[in-house]
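Visitor: Supplied in structure tokens, the structure appears directly below.
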Amino acid sequence: MRLRIILLVVATSSLVLVSFLLPLAIVLRTQAADRAISTATIQAQGMTPLVATLRRSSLRLAVDQMNAENGSTPITVFLPGGRELGRAAPRSAAVRLAAKGRSFTTAMPAGVEILIAVEGLPAGTAVIRTFVPESQLRHGVTRAWLLLGCVGFGLLALSVAVADQLARSLVRPLAAVAGVSDRLATGDLSARATLAGPPEVRRVGAGLNHLAARIGELLAHERETVADLSHRLRTPLTALRIDAESLHDPAGRAQVLDDVGAVERTVSKIIHDARRPADPGGNAVCEAAMVVAERAAFWRPLAEDTERLMTVHVPRGQLPVRLSREDLATCADILLENVFAHTPDGAGCAIRLSHREPGGAWLVVADEGPGFPQADPTERGRSSAGSTGLGLNIARRIAESSGGTLMIGRSATGGGVVTVGLGPPSGVAEPGCRRAVR
């Protein structure tokens, strides 16, 4: 925008300067020529009384003296009878015409010829001829044009400086507003624009501030709503825990209570996360191999009960990713739950975790079921099997929050395959979960 304003001012100023300086330059050239011709004419006319009164010897001295003083415009006197005094010049047709009593000026290739007829002489009419060369007609024009050019360039430079200051006064507040919008895009909802600049720019800044405040209000309301809805789950969970404690089978009671405890911890985390301000940093780190192995072991009993062949390939050693332990476990659970929920009993599945270049990991879950439909199953709310349609969308968002991605495909057996790319951490991860070192 700044460059465009400067170019606009330069173009406008150039048109104005050209429309003003070009006619002025032509006028200066015309005035210089007229001045040279007028001066030469006056000098020639000053010789008229001398030609009429002086004798030939005295007239010769006067003409020679005039030519010595004004060598740039030589004078020649053509006397009746064919004689001439002063600078030698041809007796041209113009001179013969002037000898008939006519005084005039005629243009020649090398300059301007001025002819003055002097009548009343005893022997006839004399002709005074002076010649103004082209150099005299243009004398001082080049310097005047250079001066005009310098004035024009100076005015153009001044207009560029003024345009630059004007553009700065417009661009600087707009750049500040753009910076605030970038901060808002990264999750800093406390960013506000300073109202400065022209009224239109101030209105944009005020609108952006109002939008940021409204986003904060809506986000806070959404978090409180999620927290409230999650808190309502505590009552049925408490009833479920009471029912579980009344079971007579100790092993079954312990298993059910452990599951209820896991659900309660999940609900508590949802409430905590919903009431916690957004953390745009995304600097949690966990050991992917450990988490994936644990979740595969959790789902293996169900695979055995449904007669599914589950193969798990997890590399040895540490494989840190930029996710919290809970988020990675949630992602793995979603992928495995989809396998058990949407494929028939006996359909096998495979879990593979591998290193990802330039860092992070690839988590691949493939099955031997019917595969995914043509529509994008990661689109929020879309489901062709009666589910909520949120699982794969949540998994995709978890992957993207780590700097990775989620891809849907078809396995070699015709079933579905989900590939999740998990981004690398910003620090060195210890086994388990911790915060990355900045």
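The values are calculated or read from the model by the stated rules, or taken from the named source; none is laboratory data. This is a predicted model, so every value here is computed, not measured. Cβ placement follows ideal geometry from the backbone for every residue including glycine, while neighbour counts extend to all protein chains displayed.
Visitor: For region 135-144, what are the residues that are under 30 Å from PHE104 (Cα atoms) and either of a type in the set (D, E, K, R) or free of Cβ contacts under 8 Å to residues at least 24 places away in the same chain (or both)?
Guide: The answer is ARG138, THR142.
Visitor: Separate question: As an exercise: evaluate ALA347 against (1) within 26 Å of PRO425 (Cβ to Cβ); (2) among the hydrophobic types (A, V, I, L, M, F, W, C); (3) assigned to a loop (DSSP other than H, G, I, E, B) and give the number of the one condition it does not meet.
Guide: (1)
Visitor: Is there any pair with a first residue in region 105-134 that is outside any strand (DSSP E or B) and a second that is not hydrophobic (A, V, I, L, M, F, W, C) whose Cβ atoms are under 7 Å apart and which are 6 or more apart or on different chains, and what are they?
Guide: Within 7 Å, the pairs are ALA110/PRO133; ALA110/GLU134; ALA123/PRO80; ALA123/GLY81; GLU134/GLY111.
Visitor: OK, next. What single numbered condition from (1) more than 17 Å from MET290 (Cα to Cα); (2) at pLDDT 85 or above; (3) within 34 Å of the chain's Cα centre (by Cα); (4) small (Gly, Ala, Ser) fails to hold for SER426?
Guide: (2)
Visitor: Same structure again: Scan region 68-94 for residues that are within 18 Å of ARG56 (Cβ to Cβ), among the small types (Gly, Ala, Ser) and without any contact (Cβ under 8 Å) to a residue 40 or more places away in the chain and jot them down.
Guide: Selection gives GLY82, GLY86, ALA88.
Visitor: Now for a separate question. Out of all the residues in region 175-192, is one or more part of a loop (DSSP other than H, G, I, E, B), of a type in the set (A, V, I, L, M) and at pLDDT 85 or above?
Guide: Looking through region 175-192, at least one residue is part of a loop (DSSP other than H, G, I, E, B), of a type in the set (A, V, I, L, M) and at pLDDT 85 or above.
Visitor: Shifting gears a bit: Report, ordered by the first and then the second residue, all pairs with beta carbons closer than 6 Å, sequence separation of six or more or different chains, a first member in region 145-161 that is in contact (Cβ under 8 Å) with a residue 24 or more places away in the chain, and a second member that is of a type in the set (S, T, N, Q) and assigned to a helix (DSSP H, G or I).
Guide: So the pair list comes out as LEU156/SER13; SER159/SER13.
Visitor: Given the options THR12, THR41, name the one that is polar (S, T, N, Q) and farther than 30 Å from LEU166 by Cα.
Guide: Going through THR12, THR41 in turn, the sole match is THR41.
Visitor: Filter region 311-367 for residues that are polar (S, T, N, Q) and in contact with a His (Cβ under 9 Å, 6 or more places away or on another chain) and give the result.
Guide: Matches in region 311-367: SER354 only.
Visitor: Considering (1) basic (Lys, Arg); (2) modelled with pLDDT under 80; (3) surrounded by fewer than 12 Cβ atoms within 10 Å (Cβ to Cβ), say which one ARG241 fails and leave the rest.
Guide: With respect to (1) basic (Lys, Arg); (2) modelled with pLDDT under 80; (3) surrounded by fewer than 12 Cβ atoms within 10 Å (Cβ to Cβ), ARG241 is out only on (3).
Visitor: Scan region 71-85 and give yes if some residue there is out of contact with any strand residue (DSSP E or B) (no Cβ under 9 Å at 6 or more places or on another chain) and within 23 Å of GLU134 (Cβ to Cβ), otherwise no.
Guide: Yes, there is a match, as at least one residue in region 71-85 is out of contact with any strand residue (DSSP E or B) (no Cβ under 9 Å at 6 or more places or on another chain) and within 23 Å of GLU134 (Cβ to Cβ).
Visitor: Also: Only one residue in GLU337, GLU357, GLU326 is more than 23 Å from THR266 (Cβ to Cβ) and of a type in the set (D, E, K, R), so which one is that?
Guide: GLU357
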